[in-house]
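Student: Got a structure here, written out as structure tokens. Questions coming.
Rule-based calculations on the coordinates, nothing more; no lab input. As the structure is a computational prediction, the values presented were derived from the model and not from experiment. Note: ideal-geometry Cβ built from the backbone for every residue, glycine included; neighbour counts use all protein chains shown.
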Amino acid sequence: MENPAIEVNNFSYSFGNGDVLNSVSFAVKKGEYFSIVGPNGSGKTTLLKNIMRILTGGKGVIRAGGIDVRDFSQRELAKAISYVPQPDGRSYPFQVWEFILMSKYPYLNPFSKITAKDEREVDEVLESVHMNRFKNRDMNTLSSGERQKIMISASLMQKADIFLLDEPTTFLDPKHEEEINRILKRLNRERRITIVSVTHNINLAAILSDEILALKNGRIVYFGSPDGFMDGRVLSSIYDKEFELITHPGKNIKVILPEVIC
């Protein structure tokens, strides 16, 4: 059997005042679009950061492509997994092309010169997200939506087969949110990039995902298909509230209706 893209086995993590993650086990198949959902504080971001080894010291095992993530060098881990954080407004004192080129660091040494091949690769990843015209712009002049597209371009420059995304469309307007989600789904479908996305958008998780993992209080409370997840009883047990569902007219799956608040 082919090794999963990501395998988490009996994993727990604590910040010192109790477990943030408790005996979490699941696997993500290669080429899947996999969403992680759950209430605030349920451990979603902590889980992603442990997969990417931004956080260390947990109990249990996390593997990427069958290899324990603790056994990767930093360069080899960057070749395997790319991490796209949520928009945070931080300053990046680089032009777009410089920022993207820095993402090729796993394949370069400190004395490497920029080659014509490197420049072509920058153009290619920008073309893949329709951002060619922003090549010479300063990163700090971009909108949040434009910057997220550049973050995805940088991940493509890493040539990783697994993208970890932490609420990639938070704070974005509907147009940019749709554009980012279309780009991610296209990369997943056409390039077979494994997408693992933390999101609070339950409807989009149901529409985009092959499988959904739900966390609550650091434990898995659901792991399975979008169809099984979009059930009023399941959602209520996860979020401690009632939901009204309707079948999406363009896709045979239930979605949540917005509440009418009087």
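Student: Cut-off is 10 Å between beta-carbons; in what order do LEU108, LEU172, LEU165 appear when sorted fewest neighbours first?
Tutor: Values: LEU108 14, LEU172 21, LEU165 25.
The fewest-first ordering by Cβ neighbours comes to LEU108, LEU172, LEU165.
Student: Where does each of 241-253, 121-133 land if you order them by average Cβ count within 10 Å, highest first?
Tutor: 121-133, 241-253
Student: Kindly put PHE99, PHE15 in sequence by how many other C-beta atoms sit within 10 Å of each C-beta, fewest to most.
Tutor: Sorted ascending by nearby Cβ count, the order is PHE15, PHE99.
Student: Which one of PRO39, ALA206, GLY18 has its Cα pushed farthest toward the positive end of the charge dipole of the chain, where Lys and Arg give +1 and Asp and Glu give -1 at the Cβ?
Tutor: GLY18
Student: Next question, about the same structure. Quick one: helix 116-128 against the long Cα principal axis of the chain, what's the angle to the nearest 10°, folded into 0 to 90?
Tutor: 30 degrees
Student: Here's another thing I want to ask about it. Tell me the relative contact order for segment 6-256 as a rounded percent, counting alpha carbon contacts under 8 Å between residues six or more apart. Mind dumping the intermediate values first?
Tutor: On the way: 451 pairs, mean separation 65.6, N = 251.
In percent, rounded to a whole number, it is 26.
Student: What dipole magnitude, in Debye to the nearest 20, does segment 6-256 give about its Cα centre under +1 on Lys/Arg Cβ and -1 on Asp/Glu Cβ?
Tutor: Approximately 420 debye in magnitude.
Student: If you fit an axis through the alpha-carbon atoms of helix 174-191 and take the longest principal axis of the Cα set of the chain, what angle between them do you get, 0 to 90°, nearest 10?
Tutor: 80 degrees
Student: Note down the nm distance, to one decimal, between modelled labels 7 Å out along Cα→Cβ at LYS241 and at ASN136.
Tutor: Here the answer is 4.9 nm between the modelled labels.
Student: Further question: Can you tell me the length gained on complete extension of the stretch VAL221 to ARG186, counting 0.36 nm per residue apart and subtracting the Cα distance?
Tutor: Working it through step by step, the gained length comes to 9.7 nm.
Student: Regarding segment 6-256, what are the three Cα extents along the principal axes, ordered largest first, in Å?
Tutor: 56, 43, 31
Student: Given 0.36 nm per residue, what is the gain on full extension from ASN9 to VAL61 after removing their alpha carbon distance, in nm?
Tutor: Here the answer is 18.2 nm.
Student: How large is ³J(HN,Hα), in whole Hz, for each residue of segment 236-243 in order, when computed from phi with the Karplus curve 6.51 cos²θ - 1.76 cosθ + 1.60 and θ = phi - 60°, using x for Gly and Pro?
Tutor: These are the phi-based 3J(HN,Hα) values: 4, 5, 7, 9, 6, 7, 8, 10 Hz.
Student: Right, next: I want the antiparallel fraction of DSSP beta bridges within segment 6-256, as a percent rounded to 5.
Tutor: Expressed as a percentage, antiparallel bridges in segment 6-256 total about 55.
Student: A further question follows. Mind checking the angle between helix 144-158 and the chain's longest principal axis? C-alpha axes, 0 to 90 degrees, to the nearest 10.
Tutor: The answer is roughly 70 degrees.
Student: I would also like to ask the following. Starting from the Cα of GLU178, move 7 Å in the Cα-to-Cβ direction to define the label point; list residues of segment 208-240 whose amide nitrogen is under 18 Å from there.
Tutor: So the set is 208.
Student: Counting helices only, and only those DSSP H runs with n ≥ 4, report the 222 nm mean residue ellipticity of the chain as the sum of -39,500 (n - 2.57) divided by its residues, in deg cm²/dmol to the nearest 500.
Tutor: Computed mean residue ellipticity for the chain: -9500 deg cm²/dmol.
Student: Tell me which residues come under 5 Å, amide H to amide H, from LYS104 once H is placed; ignore anything under 5 positions away on its chain.
Tutor: Long-range HN contacts for LYS104: none found.
Student: What are the residues whose amide H is under 5 Å from the amide H of LYS216, where those residues sit 5 or more places off or on another chain and H is modelled from the backbone?
Tutor: Result for LYS216 returns VAL221.
Student: In addition: What ranking do 181-193, 23-35 get when scored by the average of other Cβ atoms within 10 Å per residue, highest first?
Tutor: Working: 181-193: 15.8, 23-35: 18.8.
The densest-packed peptide leads the list: 23-35, 181-193.
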